[in-house]
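Here's the structure, in structure tokens; my notes come after.
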Amino acid sequence: MKTIAGIQSMKLWTRRQRAAGQKIAFVPTMGFLHEGHLSLLRRARREADSVVMSVFVNPLQFGPGEDYERYPRDTKKDRRLASREACDVFFTPSVGDLYPTGFRTVVSVGGFEDVLCGASRPGHFVGVATVVLKLLNVVQPHVLLLGQKDAQQAIAIGRMLRDLDMDVRLIVCPTVREPDGLAMSSRNNYLSPDERRRAAAIYRTLLLGKRLIREGGARPGTVVSRMKAALRESGITRIDYVSIVSVEDLAPAKALKGNLLVAVAARVGKARLIDNIEVRART
Ligand code: AMP
């Protein structure tokens, strides 16, 4: 596995691979790797000849007072984990290289920015779309792999790829969970043992939502209320949102019909945790 930090070196590597007819898959991350990230690498290998993983904690997607400074970082360990998987290039650009003095162009995926996580994290998705577009321009992959764990991100980036006529195929990979159902996340590292136990209620609550939707007859608002009550009973009281939306455009579901995304964001201790599941309603 090669480690590349410079943007020009990364572009040169890609140019050579493409000239040799190699298909490139790309897995962007913020590092502090866990099994969720590694599952993306494994899938990437099945889809392409060469695999690039980036590790970049993107300041543009963190708001004031958020956890940019204390976001967990361990590049040495990440490099070791990636090298054990089928990763060909470990790409670690610097903040100064990606956002040099004078940088001012951003990408906005209209309509996705002020719902769900966008409502509680203003500017977050502009930061995400901007860095993903920049990384795609540098790495120039054929295939991009993202996790279902960040469903809103995956939907927004899919929209951006279509809107900007980009020749990149998006593959969204399933959420990898701990044995008790908690979605793996670098931010789980913030949790104390007691908070870690409580956090498992998020997935249990999503399953409750799924069961209520599948039973039929309920209204979205009733399911959301039952889910919020279940979270509170489990000691999760700082709920950012519990939402049932359309998987296509994230519009709030007016009725429990079609393909729905049931999504939760809540604060547990110092961590803001998100999770979701897709549910196909019976009607
Ligand atoms: P992050 O480093 O948290 O920005 O995540 C990098 C990529 O890994 C994103 O596409 C995430 O959706 C994906 N990812 C993070 N956690 C998981 C997980 N538990 N299962 C599957 N994919 C994940």
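The values are calculated or read from the model by the stated rules, or taken from the named source; none is laboratory data. Note that the structure is a prediction, hence the values are computed from the model and not measured. Neighbour counts run over all protein chains shown; Cβ positions are idealised from the backbone, glycine included. These area figures cover heavy atoms from the full protein model, side chains too; ligands, DNA and RNA do not enter into them. Shrake-Rupley method; radii C 1.70, N 1.55, O 1.52, S 1.80 Å.
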If N is the residue count of region 162-206, its Cα Rg over 2.2 N^0.38 Å rounds to 1.68
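What is the gain in length, in nm to one decimal, between VAL95 and ASN137 on full extension, counting 0.36 nm per residue of separation less the C-alpha to C-alpha distance? Provide the component values of the computation, followed by the final result.
Working: separation 42, 0.36 × 42 = 15.12 nm, distance 1.61 nm.
Stretched out fully, the VAL95 to ASN137 stretch lengthens by 13.5 nm.
Where the convex hull is taken over the Cα atoms of region 109-185, what is its projected area averaged over directions, in nm²? Working shown, then result.
Numbers: hull surface 22.2 nm².
Taking the Cα atoms of region 109-185, their convex hull projects to 5.5 nm² on average.
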The answer for region 1-82, accessible area per residue at 1.4 Å probe in Å², is 50 Å²
Heavy-atom accessible area of MET10, protein chains in place, probe 1.4 angstrom, given in Å² to nearest 10, is 0 Å²
For the THR75, ARG214 Cβ pair and Förster radius 35 Å, calculated FRET efficiency rounded to 0.05 is 0.20
Classified through the alpha carbon gyration tensor (a ≥ b ≥ c as square roots of its eigenvalues; rounded if a/c is under 1.5, else prolate when a/b is larger than b/c, else oblate), region 127-283 comes out oblate
Ranked output for segments 199-208, 104-113 by mean other Cβ atoms within 10 Å, highest leading, reads 199-208, 104-113
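Kirkwood-based Rg over Rh for region 1-61 (C-alpha set), two decimals? Could the numbers behind the result be given before it?
On the way: Rg = 12.4 Å, Rh = 12.6 Å.
Taking Rg over the Kirkwood Rh, I get 0.99.
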In region 214-280, the GluC sites (Glu not before Pro) that sit in a DSSP loop and have at most 14 other Cβ atoms within 10 Å of their own Cβ are GLU248
Shape descriptors of region 70-162 over alpha-carbon atoms, Rg and Dmax in angstrom, are 14.8, 40
For the chain, one quarter of the surface area of the C-alpha convex hull, expressed in nm², comes to 15.1 nm²
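Per-residue ellipticity at 222 nm for the chain, helices alone: DSSP H runs ≥ 4 residues times -39500 (n - 2.57), over residue total, nearest 500 deg cm²/dmol?
Numbers: 10 runs with 109 residues, N = 283.
Only helices count here, giving -11500 deg cm²/dmol.
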Label model pair SER108, ALA19: point-to-point distance (7 angstrom along the Cα→beta-carbon line) in nm is 4.1 nm
Two pseudo-spin positions, 7 Å from Cα along C-beta at SER234 and at SER120, lie apart in nanometres by 1.5 nm
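What's the Cα-based Rg to Rh of region 1-156, Rh via Kirkwood?
Answer for region 1-156: 0.95.
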